1. Please report, in debye to the nearest 20, how large the charge dipole of the chain is about its Cα centre when each Lys and Arg carries +1 at its beta carbon and each Asp and Glu carries -1 there.
2. How high is the relative contact order of region 19-138? Use alpha-carbon pairs under 8 Å, at least six apart in sequence, and give a whole percent.
3. Quick one: divide the alpha-carbon radius of gyration of region 59-109 by 2.2 N^0.38 Å and tell me what you get.
4. Let me have the relative contact order for the chain, percent, based on Cα pairs under 8 Å that are six or more residues apart.
5. Please work out how much length the chain gains when fully extended from S169 to A207, using 0.36 nm per residue of separation minus the C-alpha to C-alpha distance, in nm with one decimal.
6. Any idea which of A194, P42, V103 is furthest toward the positive side of the dipole for the chain, if Lys and Arg beta-carbons carry +1 and Asp and Glu beta-carbons -1?
7. Give the value in nm², to one decimal: projected area of the alpha carbon convex hull of region 97-223, averaged over all directions.
8. Based on a Kirkwood Rh over C-alpha pairs, give the Stokes-Einstein translational diffusion coefficient of region 150-223 at 25 °C and viscosity 0.890 mPa s in µm²/s.
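Laboratory data are not the source of any read-out in this text; all were calculated from the coordinates shown. Quick caveat, the model's predicted, so the values are computed rather than measured. Neighbour counts run over all protein chains shown; Cβ positions are idealised from the backbone, glycine included.
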Amino acid sequence: MRRVACLLLLSTLGTCSVTASASDAAWRETVRQFAAQHFKHPAWGYSHSVRDYELAKTLAAADHVALDDDVLFAAAYLHDMAAFAPWDREKEGIDHADEGARVVDTVLKNSGFPMAKIDAVRNAIRTHMFVRKPVGAEAVYLHDADALDWLGAVGVARVMALVDPSGGSPDGPTAVKMLEENLARVPDGVVSAAGRARLPALQKELADFLGDLRRETDGYRTL
């Protein structure tokens, strides 16, 4: 209805703006605040969710693919929910993507989110990791945005932020191995045309960093 009204205004006044409804803005702010409050981690915290949301939209636009932004917003901001307490069940052998898909309704059901779309949100969360196969537009572009965030300079920043400053695990050399594994494995998981178009530059950024670090640390021996 907002779109029809906008077209009528455009024909008579020559200008028009379409804004989200108050209820739409309210549930989004609820989700955003929930993520900002609960997801505090240098590698997969709130800022990672924000980047995934924005990049997924950018990739889809480049591929001329329409997304349901309700589904994408909810899935992007909540996809790593089960990587955090009290929802984390990794020690029980339950992958955070599967658990996140299972419990995401506990955040959305009283927020004003259109719950008819919850299954699409679950689907996108369940397949967001680069080792999984996404089905559906929102799932594909969240998946690719999440994968690309492990590469390039931001991928380096995320992984190196995991290093234990007290010498525990992971240490510097372990983090480097993680970066090397990401460089080797992540690109094959990217499925969209726009995502794959971004790969060469991001791969080069990460490869250049590892090459420089290797040279400056005597083959990582003094890292």
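1. The dipole of the chain has a size of about 380 debye.
2. The normalised contact order for region 19-138 reaches 28 percent.
3. Against the compact-globule rule of thumb, the ratio is 1.36.
4. Answer for the chain is 18 percent.
5. Roughly 11.3 nm would be gained on extension.
6. A194
7. About 9.5 nm², averaged over all directions.
8. Stokes-Einstein gives a translational diffusion coefficient of 191 µm²/s.
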